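Visitor: Once you've had a glance at the structure underneath, I'll fire off some questions.
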Amino acid sequence: MESDSVLKLDYLSLAELADRPAAWWQNVLGVAAFDAAVPRAPDVEIPMASVQTPVLGANPRRFEVWQAPHAARSGALGRVQYRLGAGVVFGRLSIAESELGAMSGETSALQRATELAYRELFAVVDALAMPHLVRVWNFLPDINGSSHGSERYWQFNSARQDGFIACARTVTGAVPAACGVGSPRGAPLMIYFLASATAPTVIENPRQVSAYHYPPAYSPRSPTFSRACVVDRPNGRMLFISGTASILGHATVHVGDAAAQTRETLRNIEALLSAANDGAATRAPFAMSDLYFKAYVRHAADHAVIEGELRAALGAGARALYLNAELCRQDLLVEIEATGCRFATGEA
């Protein structure tokens, strides 16, 4: 049955995409292209999230590809392009702040763009009877910049909360896994997401304060995301670990040390993995080696050190993509997300 299926994630190069036959594209739910031209899909409308955040290193695999085990169907509503399959919808939308006209009062163009984006996103998932956001990727231009007396990341958090509340969603507890990272100044606000017909199991990290309970020093209105979530299906499970950093409790640790921040981040991911696997011996437990990683690196000069730490922890075969991006806190040097899609038979 469609609702019993498990998705597949892969990082591919343009050459690998070009080699895929037309029939292969029928199963693709969506693609995120990082600092690369959006590829053309033959005879099918695929939602393509064009993210201007640069890829670090010589890795040609700049395309994050989500695929269902059978043909999917496409659609659009407002700014959202989406594709539906395997009991999940993949969607993308972007809004340039310049579209919204001159700033007025105390509300910035970024705040208006963010709230509008989330209202349109929720309208789509509700219309498709896929109301549960599972995973959201937010790329904010000039995330650490300031206007209207506050940091732009703070403005994003405020407007995201407003969007959730306006669409009758909770802003604590049962909230999606997510990340919010930087993109170049002048880029549009880019969001892509996965939503499901069934609610995921939300996971928090015992080593950290839940992000939605952060003290106001980090943002006057707290971020609306869970540390991770799991979607269980009869034939397997999908794990989505949010952007994770070198934070204990609510405080950044190892300030100024990219290697130590990477190691602490991996310990936090391992804690989330352990929580996801708790009591799941018959539900295809995950190992670190099963996961796909995406590392957001603040300073390109730290890339080699951070990649070295991941290889030391995960082995040379680690499936990882490295992006050069500003992060939500200026003392964070790296943020890492992880994803696993595993069948009950053990196939990853």
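Visitor: Which value at 222 nm does the chain reach when only helices count, each DSSP H run of 4 or more adding -39,500 (n - 2.57), with the total divided by all residues and rounded to the nearest 500 deg cm²/dmol?
Guide: That calculation yields -7000 deg cm²/dmol at 222 nm.
Visitor: Still on this structure, I have one more. If each residue of separation counts as 0.36 nm, what is the full-extension length gain between Ala316 and Leu128 once their alpha-carbon separation is subtracted?
Guide: 63.6 nm
Visitor: Restricting the calculation to Cα positions, tell me the Rg (one decimal) and the Dmax (whole number) of the range 30-124 in Å.
Guide: So, for the range 30-124, Rg and Dmax equal 15.7, 49 Å respectively.
Visitor: When DSSP beta bridges are limited to those with both residues in the chain, what percentage is antiparallel, rounded to the nearest 5?
Guide: Of all bridge pairs located within the chain, approximately 75 percent are antiparallel.
Visitor: Between Asp35 and residues 5 or more places away or on another chain, which pairs have amide H atoms under 5 Å apart, with H built 1.01 Å from N, and which residues are they?
Guide: Answer set, sorted by chain and number: Val51, Gln52, Thr53.
Visitor: Counting only DSSP beta bridges with both residues in the range 28-86, what percent are antiparallel, rounded to the nearest 5?
Guide: Close to 70 percent.
Visitor: Using a 1.4 Å probe over the heavy atoms of the protein chains, calculate the carbon and sulfur portion of the accessible area of the range 90-210 as a whole percent.
Guide: About 54 percent, which is the carbon plus sulfur part of the accessible surface.
Visitor: Still on this structure, I have one more. Could you please put Lys8, Lys294 in sequence from largest to smallest accessible area, using a 1.4 Å probe?
Guide: Lys8, Lys294
Visitor: Another question, then. List the residues whose amide H sits under 5 Å from the amide H of Gln330, counting only those 5 or more places along or on another chain, with H placed 1.01 Å from N in the peptide plane.
Guide: Under 5 Å from the amide H of Gln330: no residue qualifies.
Visitor: Right, something else. What percent does the relative contact order of the range 1-84 come to when contacts are Cα pairs within less than 8 Å and at least six residues apart?
Guide: Relative contact order here is 39 percent.
Visitor: Another question about this same structure. If you average the C-alpha positions of the range 303-338 and of the range 227-258 separately, how far apart do those two centres end up, in angstrom?
Guide: After rounding, the separation between the Cα centres reads 13 Å.
Visitor: If you don't mind, another one. Report the equivalent ellipsoid semi-axes for the chain in whole Å, largest first, defined as the square roots of five times the eigenvalues of the gyration tensor built from alpha carbon atoms.
Guide: 27, 25, 21
Visitor: Can you give the accessible area per residue of the chain, in Å², using a 1.4 Å probe?
Guide: About 38 Å² of surface per residue is accessible.
Visitor: Helix check for the chain. Which DSSP H runs span at least 15 Å along their own axis by Cα, with a mean Kyte-Doolittle hydropathy no less than 0.0?
Guide: Both cut-offs are met by 109-127, 303-314.
Visitor: Quick one: length gained pulling Arg119 to Val255 fully straight, 0.36 nm per residue minus the C-alpha distance?
Guide: Gain in length upon complete extension: 45.3 nm.
Visitor: Could you check the simple spin-label distance between Ala197 and Ala23, using points 7 Å along Cα→Cβ, in nm with one decimal?
Guide: Spacing of the two 7 Å Cα→Cβ label points: 2.6 nm.
Visitor: Collect residues whose amide H, placed 1.01 Å from N in the peptide plane, falls under 5 Å from the amide H of His250; neighbours closer than 5 in sequence don't count.
Guide: Excluding prolines and chain starts, which carry no amide H, the hits are Val209.
Visitor: Once phi is turned into ³J(HN,Hα) by the Karplus curve 6.51 cos²θ - 1.76 cosθ + 1.60 with θ = phi - 60°, what whole-Hz value does each residue of the range 73-81 show in order, with x for glycine and proline?
Guide: 10, 9, x, 8, 8, x, 7, 8, 9
The values are calculated or read from the model by the stated rules, or taken from the named source; none is laboratory data. This structure is a prediction, so every number in the text was calculated from the model and none was measured. Here the Cβ is made from the backbone with ideal geometry for all residues, glycine too, and neighbour counts use every protein chain on show. Accessible surface is based on the protein model in full, side chains and every heavy atom, while ligands, DNA and RNA are left aside. Shrake-Rupley method; radii C 1.70, N 1.55, O 1.52, S 1.80 Å.
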